[in-house]
């Protein structure tokens, strides 16, 4: 896997499931956040550094397409990449797989906008945009 598409491995915890042992739908967004922050770190950008510069990235859109359920104790791989990056907005794509059987469980997308310390629209610094770089989607969202 290239450094433009990264992956984190996560195991579905009991607390993330319902009585049927199926992962509750909102946890997929948490897993995407874990993958996104890890992806950014691997590309040389951290939220801590951005916030130190007075910049915030706020999620303004999120969508998930559930294909198959994740279940308690499943080992998951969450792939992340940048779909688009512009002066004020960055869009991340995600694919959540169960490597044990090669099943694609879900695809997702989040769009984030740049805000300054006062929560007003700002712009993403050129160096950050160049480090993030967009790539073609590896899976159909």
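Restricting attention to the stretch 48-85, the residues being more than 17 Å from residue 98 (Cβ to Cβ) and either in contact with a helix residue (DSSP H, G or I) (Cβ under 6 Å, 6 or more places away or on another chain) or in contact (Cβ under 8 Å) with a residue 24 or more places away in the chain (or both) number 17. With respect to the conditions (1) assigned to a loop (DSSP other than H, G, I, E, B); (2) within 21 Å of residue 69 (Cα to Cα), residue 44 lacks only one, and its number is (2).
Any residue at all in the stretch 79-86 that's under 21 Å from residue 46 (Cβ atoms) and part of a loop (DSSP other than H, G, I, E, B)? Among the residues of the stretch 79-86, at least one is under 21 Å from residue 46 (Cβ atoms) and part of a loop (DSSP other than H, G, I, E, B), which makes the answer yes. All of 96, 113 fail the test of being in contact with a helix residue (DSSP H, G or I) (Cβ under 8 Å, 6 or more places away or on another chain) and part of a strand (DSSP E or B), apart from 96.
Counting the residues of the stretch 101-110 that are farther than 18 Å from residue 4 by Cβ and in a strand (DSSP E or B) gives 4. Of all residues in the stretch 101-115, those satisfying the criterion of being buried (at least 18 other Cβ atoms within 10 Å of the Cβ) and more than 22 Å from residue 46 (Cβ to Cβ) are 105, 106, 107.
Of the residues making up the stretch 23-41, those that are more than 13 Å from the chain's Cα centre (by Cα) and loosely packed, with under 15 Cβ neighbours inside 10 Å are 24, 25, 26.
Could you tell me whether residue 87 is out of contact with any strand residue (DSSP E or B) (no Cβ under 6 Å at 6 or more places or on another chain) and modelled with pLDDT under 95? It is false that residue 87 is out of contact with any strand residue (DSSP E or B) (no Cβ under 6 Å at 6 or more places or on another chain) and modelled with pLDDT under 95.
For the stretch 48-100, residues that are surrounded by 14 or more Cβ atoms within 10 Å (Cβ to Cβ), over 15 Å from residue 4 (Cα atoms) and within 13 Å of the chain's Cα centre (by Cα) total 6. Summed over the stretch 1-22, residues that are crowded, with 17+ Cβ neighbours inside 10 Å and assigned to a helix (DSSP H, G or I) total 1.
For residues that are in a strand (DSSP E or B) and either over 17 Å from residue 139 (Cα atoms) or at pLDDT below 95 (or both), tally how many sit in the stretch 66-78. Total meeting the criteria: 2. In this structure, residue 118 does not qualify as in a loop (DSSP other than H, G, I, E, B), more than 16 Å from the chain's Cα centre (by Cα), surrounded by fewer than 16 Cβ atoms within 10 Å (Cβ to Cβ) and touching a residue at least 40 places away in the same chain (Cβ under 8 Å).
The values are calculated or read from the model by the stated rules, or taken from the named source; none is laboratory data. Small disclaimer: the values here were computed from a predicted structure and weren't measured. In this analysis, Cβ positions are derived from the backbone assuming ideal geometry, glycine residues included, and neighbour counts consider all displayed protein chains.
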